[in-house]
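Step one of this worksheet: look at the structure below.
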């Protein structure tokens, strides 16, 4: 398949204010949806595009929307929420969109709210994103003045209020039901599912939570069609993806590329390869809560299905690279320390298991670890895995741990037998 050249969701050619955004086609998708499409037709189009959620889980966006009850009773509120609480270590793609192109997100949210008949929407923003918050508030004010928000949008009879909520700042708020509790002013704890948010979410009402990158695609899909969107990728799933690379590479950064490029292309062509004097040992392909992939996986396509088949997850698509001069034990310890600190403490495997893991890893890194710790680490990784915890926090934390032990086991042993970290 010939590689499509795209510049759709990144802000490179799109200015920050409303007038410049309109000059490059801004709000054309909104006008098309409001004047020519019913809410059901918008949902059907997004479902047909095969847009998978870009927040990490990869759940089909149109399917999520279709779970919202549409029984004709719109007298009670429905809600749309943009999850902009980007706290996954190594991930910075949403910040790039928020700071560079706020109107694109706003337009996508208006269309999405129209599709599910939600008349209130919130952007749940990471507390530290002050520049993004200022830009969003300015853009929202511009959209209200232009008639794209508020009452009777573009004469359609559809109303929408859009608010920015700056979060208190916890990683667990990336879990959509913990986000809902936080937005309601409660402690950020995940909820039991079912009921799912599409049926009973914010304040007990039908709610859809989507990621910044996901929502930023909606106006383009409405304007150009499902087949156009699917044609942008190199796989059966549609669109491009914002891929990022951090670590000891020559050109760390973020790029919009067709979904399905290989790890090798991302690392060598776009990130410029490893920094001088450093060799590749492995990478977390989609943020800190994903399993390591190593050199034998470099030709794996970076899409949701293929990365999963290789034993990891695409996640956020932002790769954290491990090089040969960085201690893998310290690398894993640093990640697990973060997850231990960010646990909400609601369930035992997460509350007790993660601090236990962190302490054992610290001991191994300091040269006081014991061989039996390795079996205990494997034990914890297993019992923090899927199906054993209340939400996905601990299973995500288990991924770099279990794969670190799998691929760098000899390094752990060397720390224990040598009673020191070889990299120090």
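The values are calculated or read from the model by the stated rules, or taken from the named source; none is laboratory data. Here the structure is a predicted model, which means the values were calculated and not measured. Neighbour counts run over all protein chains shown; Cβ positions are idealised from the backbone, glycine included.
Things to note:
- Selection status of residue 391, over 23 Å from the mean Cα position of the chain (by Cα) and in a loop (DSSP other than H, G, I, E, B): no
- Scope region 111-132; condition in contact with a strand residue (DSSP E or B) (Cβ under 6 Å, 6 or more places away or on another chain) and either assigned to a strand (DSSP E or B) or touching a residue at least 60 places away in the same chain (Cβ under 8 Å) (or both); matching residues: 112, 116, 118, 120, 121, 122, 123, 124, 125
- Leading residue by the ranking (farthest from residue 401 (Cα to Cα)) among those in region 343-380 that are outside any loop (DSSP other than H, G, I, E, B) and within 23 Å of the chain's Cα centre (by Cα): 350
- Any hit, region 98-108, residues being touching a strand residue (DSSP E or B) at 6+ places or on another chain (Cβ under 6 Å), modelled with pLDDT of 95 or more and in the same structural domain as residue 29 (by TED's automatic domain parsing): no
- Test: residue in region 148-155 that is surrounded by 17 or more Cβ atoms within 10 Å (Cβ to Cβ), more than 20 Å from residue 56 (Cα to Cα), in the same structural domain as residue 214 (by TED's automatic domain parsing) and touching a strand residue (DSSP E or B) at 6+ places or on another chain (Cβ under 7 Å): yes
Table: residues versus (1) farther than 28 Å from residue 188 by Cβ; (2) assigned to a helix (DSSP H, G or I); (3) not assigned by TED's automatic domain parsing to the domain that holds residue 394.
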| residue | (1), (2), (3) |
| --- | --- |
| 296 | yes, yes, yes |
| 299 | yes, no, yes |
| 332 | no, yes, no |
| 336 | no, yes, no |
| 340 | no, yes, no |
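- Residue match in region 394-411 (condition: surrounded by 19 or more Cβ atoms within 10 Å (Cβ to Cβ), more than 29 Å from the chain's Cα centre (by Cα) and within 21 Å of residue 89 (Cβ to Cβ)): yes
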